[in-house]
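Working notes for the structure below.
All of the numbers you see were taken from the coordinates with simple rules; none came from a lab. A quick note: this is a predicted structure, and the numbers were derived from the prediction, not measured. Neighbour counts are summed over all protein chains in view; Cβ atoms, including those assigned to glycine, are modelled from backbone coordinates with ideal geometry.
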Amino acid sequence: MLSYTDARQKVIEVVRARGPLTAVESLPLDRVAGRILAEAVVADRDYPPFDRATRDGFALRSSDVATSRGPMEVRGEIRAGAVFTGEITPGTCAQIMTGAAVPRGADAVVMIEHTRIAGRSVFVEGSVTAGQNIVPKGREAKAGQQLLPGGTRLGYAELAITGQVGHTPARVFRCPQVALLSTGDEVVGIGAKPGPVEIRNSNCLSLAAQVALAGGEAVPLGNSPDRVLELRAMIEQGLKSDVLVVTGGVSMGKYDLVEGVLRDLGAEFFFDAVAIRPGRPAVFGYCQGKPVFGLPGNPVSTMVTFELFAAPAIEIVGGATPRPLPLFKAKLGAPVQQKAELTHFLPAAVSWTTGEAVVSVLPWQGSGDIVVLAQSNAFLVVPATKLEWAAGEWVDVMPRRGVL
Ligand code: AMP
Ligand code: MG
């Protein structure tokens, strides 16, 4: 059985080999937050475009201060956005604001806090070095330089630079359509009044939210009963999308039909079990040219296996590099014992109240227990290598995307 890291790597390799969607769209920058660039962004001019003052103060010649601290004659005022045509000659200076262009002749800006103003003159306190509080023209980027390669996710900093260079509209990959199909005779819609042994379809909601976090567009197909004909028809419907995620019906039960139906439709499978709990029966394959995931239906299993395996596939199909799993180390607040030889993902709460990350496992009733999961902010990742973990040991934690 594959480890979760090998299974995830397998997904990444297989989906990458088939490449991203080719469809792109051109959108104004106020509509591309979180989208994936389908082209490079290039500097339209030098950045900064002029020698930029980074402090409010006085622009002057640093060599002047080496011999005398003043008085220096103030030749004028330079506001951000203003053009100053004069030159700073020996013994003179200009008052300058943050973001303004440093005038000819000056090679340093002294912070106003380090000066003393006396009428139309200024005395300098503290040391002055050439280039101080100035970012020279072109130091951040040269005209024509590539700032973001295609495939970049447009987060806030990326958006800022794209806007700064006037690159609008931007060509971005179309969001992958991810069909979501739940299965189970007991599953009813969230708006329904369930019978005594029925449950509402929570997976369709949690998955849609996870799809959005991965950069996809959810296409909810609803629920199929555990009957081959209906299931087959709905899976065929789902295969019209770019990626298909089916939940439930992949375990060993008599009515776990998903893998068989996919096989009948020509699927090729890369794994159908992973050494994790929850989530062991997770299935990954390709069917009719589309990546397909069969995730176990217990809600926490669905969430964990989506994050580990389906999310990177959606990211690659959408033109991005898959984000690494953001595991970090935290100190165990209380001992943990694990029985089975599987990597466990346990609902956990991480806090930093002591100044370092401390993680506690939340007592739960297993992978159907979303009551507890909703109180967690992370999963404690307990590898199969060791069965007993003492309080104070450093362990791996996987934050819940979108919560932590
Ligand atoms: P399965 O993977 O089909 O064996 O289902 C495992 C457990 O998850 C059962 O208790 C199901 O009732 C539950 N389950 C399956 N699908 C859903 C769903 N869409 N929403 C909530 N719970 C589900
Ligand atoms: Mg089922």
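With 0.36 nm allotted per residue and the present C-alpha distance subtracted, the LYS10-THR89 stretch has 21.8 nm of extension available. Set the Förster radius R0 to 35 Å, insert the Cβ-Cβ distance between TYR156 and ARG120 as r into 1/(1 + (r/R0)^6), and round the FRET efficiency to 0.05. E(calc), rounded to 0.05, equals 0.20.
Modelled label positions at GLU236 and LEU27, each set 7 Å beyond Cα in the direction of Cβ, lie 3.3 nm from each other. Nearest 0.05, what FRET efficiency do THR353 and SER3 give at R0 = 30 Å with Cβ-Cβ as r? In this case the efficiency is close to 0.35. Shown in residue order for the stretch 250-260 are the 3J(HN,Hα) couplings computed by the Karplus curve 6.51 cos²θ - 1.76 cosθ + 1.60 at θ = phi - 60°: 10, 8, 9, x, 4, 10, 8, 10, 4, 4, x Hz (x for Gly and Pro). Restricting the calculation to Cα atoms, the chain shows an Rg/Rh of 1.17 when the hydrodynamic-style radius is the Kirkwood one. Close amide H contacts of ILE88 (hydrogens built in the peptide plane, cut-off under 5 Å, sequence separation of 5 or more or a different chain): ARG104, GLY105, ALA106.
Name the shape class, rounded, prolate or oblate, that the alpha-carbon gyration tensor gives for the stretch 328-399, where a ≥ b ≥ c are the square roots of its eigenvalues, rounded holds for a/c under 1.5, and otherwise prolate holds if a/b is larger than b/c and oblate otherwise. Judged from the Cα gyration tensor, the stretch 328-399 comes out oblate (a/c at least 1.5, b/c at or above a/b). Packing order of peptides 131-140, 198-207, highest average first: 198-207, 131-140 (average count of other Cβ atoms within 10 Å over each peptide's residues). Answer rounded, prolate or oblate for the stretch 52-135, using the Cα gyration tensor with square roots of eigenvalues a ≥ b ≥ c: rounded when a/c is under 1.5, else prolate when a/b is larger than b/c, else oblate. It comes out rounded by the Cα gyration axes.
On the beta carbon distance between GLN164 and THR321, with R0 = 30 Å, the FRET formula returns roughly 0.80.
Each Lys or Arg adds one and each Asp or Glu subtracts one; over the other residues with Cβ under 14 Å from the Cβ of PRO194, this totals -1. Which percent, to the nearest 5, of DSSP beta bridges fully inside the chain are antiparallel? Within the chain, antiparallel bridges account for around 65 percent of the total.
Taking amide hydrogens as placed 1.01 Å from N in the peptide plane, the amide H of LEU148 sits under 5 Å from those of VAL41, each at least 5 positions away in sequence or on another chain. As a length-normalised measure over Cα pairs under 8 Å and 6 or more apart, the relative contact order of the chain settles at 16 percent.
Residue separation of THR54 and LYS386 scaled by 0.36 nm, minus their Cα-Cα distance, works out to 114.1 nm of gained length. When the helices of the chain are scored as -39500 (n - 2.57) per DSSP H run of n ≥ 4 and the total is divided over every residue, the value at 222 nm lands at -5500 deg cm²/dmol. Using alpha carbon centroids, what distance separates the stretch 9-62 and the stretch 190-217, in Å? So the two Cα centres are separated by 35 Å. Label-to-label distance for ARG69 and LEU213 is 5.7 nm, based on points extended 7 Å past Cα in the beta-carbon direction. Length gained on full extension, ALA334 to ARG263: 21.1 nm, using 0.36 nm per residue less the C-alpha separation. In terms of the mean number of neighbouring beta-carbon atoms within 10 Å, the peptides 299-311, 16-28 order highest first as 299-311, 16-28.
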